[in-house]
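Structure record follows, encoded as structure tokens.
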Amino acid sequence: MAKKFNQGRAERQFKQKLRTMISSAAHTQNIADQAMDLAGQFMTEDAISNSDAYRVIENVSCACEEAMQVLIEELKKGTRLYEILPDDSDDIKRKAIEE
């Protein structure tokens with residue numbers, strides 16, 4: 001016998017997946033930022049500006065930031081999170097991850 005579709009359950013699972021993706025993006029961004037900091041400790045400015053790897057790491061950090069903003073906005077839809085969470089992205093990331 002086929003299971004019946006449960007809209008409420010699907011929505012809860014979707015929101016949990018969003019929270020997991022936000023957490024993963026925050027973790028990845030943190031790693032990218034740490035890698036850029038470490039590169040700055042031993043690479044010259046010229047080496048950094050000529051490094052394809054460094055540019056990729058910067059792009060990963062930016063992509064994670066943008067992804068988190070979109071996912072957080074989606075997670076806030078239809079909830080009181082619009083009232084609770086400020087517009088500051090650092091506070092949004094921290095609070096969304098804590099949930």
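Our coupling estimate for the stretch 15-21, obtained by passing each phi through the Karplus curve with A = 6.51, B = -1.76, C = 1.60 and θ = phi - 60°, is 5, 5, 5, 4, 4, 5, 5 Hz, Gly and Pro reported as x. Taken one residue at a time, the phi angles of the stretch 65-74 give Karplus couplings (6.51, -1.76, 1.60, θ = phi - 60°) of 4, 5, 4, 4, 4, 5, 5, 5, 4, 5 Hz. Gly and Pro are set to x. Using the Karplus relation 6.51 cos²θ - 1.76 cosθ + 1.60 with θ = phi - 60°, the per-residue 3J(HN,Hα) values for the stretch 4-12 come to 7, 5, 10, 4, x, 5, 4, 5, 4 Hz, with x marking Gly and Pro. Here the simple spin-label model places points 7 Å from the Cα toward Cβ, and for Gln34 and Glu58 these points are separated by 2.2 nm.
Each value in this text was obtained by applying a stated rule to the coordinates, not by laboratory testing. Just so it is clear, the model here is predicted, and its values are computed rather than measured. For neighbour counting, all protein chains shown are included, and Cβ atoms are generated from backbone atoms with ideal geometry for every residue, glycine included.
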